[in-house]
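Read through the structure below, which is laid out as structure tokens, and then see the notes.
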Amino acid sequence: MPLVSMRQLLDEAAKGGYGVGAFNVNNMEQIQAIMEAATETQSPVIVQASRGARSYSQDRFLYHLMIAATEIYPELPIVLHQDHGNSVATCKSAIDMGFTSVMMDGSLMEDGKTPSSFEYNVKVTREVVELAHAKGVTVEGEIGCLGGIEDGHGAGGDGLEHLTDPDQAVEFVKQTGVDALAIAIGTSHGAYKFSSKPTGETLKMETLIQIHNRLPGTHLVMHGSSSVPKDLQDIINQYGGKLKPTWGVPVEEIQLGIKNGVRKINVDTDNRMAITGAIRKVFAEAPEKFDPRDYLKPARDAMRAVCKARMVAFGQAGQAGKIKPVSCREYARAYQS
Ligand SMILES: [Zn+2]
């Protein structure tokens with residue numbers, strides 16, 4: 001089946017009461033890892049690419065690898081999503097290339113660092129909604145700013161500096177018409193999210209629940225939601241890595257989010273860590289090896305295991321067969337009316 005709109009997968013997830021992991025990719029092995037996990041668990045798939053990933057893969061390599069995924073796994077519904085678009089132009093170039101979903105992150109200015117005004121955010125997001133919906137492409141917006149920096153994008157800080165205000169979230173959705181909304185509840189991008197296991201003081205699940213109660217029809221998105229498990233940290237450090245102790249978002253908090261309107265969960269760091277640990281292990285245990293497949297295959301297997309575990313935990317496992325693909329063109333008609 002061709003790439004499908006994210007709106008369709010999130011609507012299905014809302015109906016079924018589950019969440020869908022959105023995994024970041026830069027190369028073939030990461031796409032293969034996600035697709036192998038998805039076929040083993042029969043999961044719908046969201047693959048996302050940051051601006052950095054698009055430039056790393058020169059856009060066309062990424063796009064054609066995704067087309068290969070649809071050819072090899074025709075029974076699985078797959079979304080290709082632009083993560084953290086910094087401008088209308090970035091989102092437009094993604095839509096022109098064939099992405100079926102885009103994030104316009106107008107919570108930051110075009111530099112991807114400076115927090116913007118509410119008015120600016122509404123203006124650029126509204127513009128993207130108009131051009132995306134005309135083609136049946138889904139739009140995710142962001143209100144409030146996440147902490148940390150990833151791929152050069154982010155406000156920095158600890159995630160508590162620019163939390164989402166529920167009143168603003170309601171107004172933002174009303175004025176922009178976004179399909180999905182990323183909210184800031186204390187999470188950060190990157191490996192160093194929390195300096196101890198998060199509590200209600202540092203991870204504001206109460207705010208998430210308030211926003212869901214006020215916006216029951218809007219799909220909520222949790223960014224910076226890697227769990228940063230200790231065993232993955234340990235493998236990296238055991239084989240010569242130097243990660244400082246860190247805590248991510250516990251899977252049970254994400255599951256609480258899913259009970260309260262979270263339909264998309266962004267995971268990148270956990271997969272990066274799984275890959276790095278597997279490669280370090282080969283280099284340490286078999287330093288005579290020099291065929292890239294000798295370490296890229298274990299790396300791919302390690303990422304597949306993480307993706308599989310998340311797909312099961314988020315509830316998307318077993319759902320792929322229930323989804324009958326609707327084309328973006330049909331979505332475009334539905335948005336019009
Ligand atoms: Zn993010």
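Residues that are under 20 Å from Tyr331 (Cα atoms), at least 3 per element: which strands (runs of 3 or more DSSP E) completely within segment 17-131 meet that? Break it down into steps so the answer makes sense when it comes.
Working: elements: 20-24, 45-49, 78-85, 101-104.
Strands (runs of 3 or more DSSP E) meeting the threshold: 45-49, 78-85, 101-104.
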Out of curiosity, is Gln255 open to solvent by 40 Å² or more (accessible area, probe 1.4 Å) and touching a helix residue (DSSP H, G or I) at 6+ places or on another chain (Cβ under 8 Å)?
-> yes
Within segment 67-86, the residues that are out of contact with any Gly (no Cβ under 9 Å at 6 or more places or on another chain), within 16 Å of the ligand (Cβ to nearest atom) and of a type in the set (S, T, N, Q) are Gln82
Checked Gly177, Gly159 against criteria (on the phi > 0 side of the Ramachandran plot and in contact (Cβ under 8 Å) with a residue 60 or more places away in the chain); the one match is Gly159
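Do we find that Val267 is of a type in the set (Val, Ile, Thr) and modelled with pLDDT of 95 or more in this structure? Outline the logic, then answer.
Details: of a type in the set (Val, Ile, Thr): yes; modelled with pLDDT of 95 or more: yes.
Yes, satisfied.
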Within segment 263-277, the residues that are more than 16 Å from the ligand (Cβ to nearest atom) and open to solvent by 20 Å² or more (accessible area, probe 1.4 Å) are Ile275, Thr276
Reported set for segment 75-91 where residues are of a type in the set (Asp, Glu) and crowded, with 22+ Cβ neighbours inside 10 Å is Asp83
If we keep only residues of segment 38-58 that are open to solvent by less than 40 Å² (accessible area, probe 1.4 Å) and not small (Gly, Ala, Ser), then the residue nearest to Arg304 (Cα to Cα) is Thr41
Given (1) within 21 Å of Gln82 (Cα to Cα); (2) among the charged types (D, E, K, R); (3) without any contact (Cβ under 8 Å) to a residue 12 or more places away in the chain, Lys264 misses just (3)
So, first residue within 18 Å of Val102 (Cα to Cα) and part of a strand (DSSP E or B) in segment 134-156, second residue basic (Lys, Arg) and within 15 Å of the ligand (Cβ to nearest atom), Cβ within less than 8 Å, six or more apart or across chains; the pairs are Glu140/Lys264; His153/Arg51; His153/Lys113
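If you scan segment 163-174, which residues turn out to be open to solvent by 10 Å² or more (accessible area, probe 1.4 Å) and under 20 Å from the mean Cα position of the chain (by Cα)? Steps first, answer last, please.
Step one: list which residues in segment 163-174 are open to solvent by 10 Å² or more (accessible area, probe 1.4 Å), which gives 163, 165-168, 170-171, 173-174.
Correct list: Leu163, Val173.
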Scanning segment 108-123 residue by residue, those open to solvent by 10 Å² or more (accessible area, probe 1.4 Å) and either out of contact with any Leu (no Cβ under 9 Å at 6 or more places or on another chain) or of a type in the set (Ser, Thr, Tyr) (or both) turn out to be Met109, Glu110, Asp111, Lys113, Thr114, Ser116, Ser117, Phe118, Glu119, Tyr120, Val122, Lys123
Here the qualifying pairs (Cβ atoms under 9 Å; residues six or more apart or on different chains; first in segment 103-119 and touching a residue at least 24 places away in the same chain (Cβ under 8 Å) and within 16 Å of the ligand (Cβ to nearest atom); second assigned to a loop (DSSP other than H, G, I, E, B) and among the acidic types (Asp, Glu)) come out as Gly112/Asp105; Gly112/Asp151; Pro115/Glu161
Counting only residues that are over 19 Å from Lys174 (Cα atoms), open to solvent by less than 30 Å² (accessible area, probe 1.4 Å) and assigned to a loop (DSSP other than H, G, I, E, B), segment 200-228 contains a total of 7
Taking segment 125-145 and keeping only residues that are open to solvent by 10 Å² or more (accessible area, probe 1.4 Å) and aliphatic (A, V, I, L, M), one is left with Leu131, Ala134
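Do the conditions hold for Asp167, that is, is it in a loop (DSSP other than H, G, I, E, B) and either under 22 Å from Leu215 (Cβ atoms) or of a type in the set (D, E, K, R) (or both)?
Numbers: in a loop (DSSP other than H, G, I, E, B): no; either under 22 Å from Leu215 (Cβ atoms) or of a type in the set (D, E, K, R) (or both): yes.
No.
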Against the condition under 19 Å from Asn260 (Cα atoms) and of a type in the set (Gly, Ala, Ser), how does Gly186 come out, does it pass?
yes
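Go through segment 170-186 and count every residue that is assigned to a loop (DSSP other than H, G, I, E, B) and under 25 Å from Ser55 (Cβ atoms). Let's see the steps before the verdict.
Residues of segment 170-186 that are assigned to a loop (DSSP other than H, G, I, E, B), as a first pass: 177-179, 184-186.
Right, trim to under 25 Å from Ser55 (Cβ atoms) and you get none.
The total comes to 0.
The values are calculated or read from the model by the stated rules, or taken from the named source; none is laboratory data. Note that the structure is predicted; figures quoted are calculated from it, not measured. Don't worry about glycine lacking a Cβ; one is built from the backbone with ideal geometry, like all the others, and counts go over all protein chains shown. Calculation scope for accessible area: heavy atoms of the full protein, side chains included, ligands and nucleic acids excluded. Shrake-Rupley method; radii C 1.70, N 1.55, O 1.52, S 1.80 Å.
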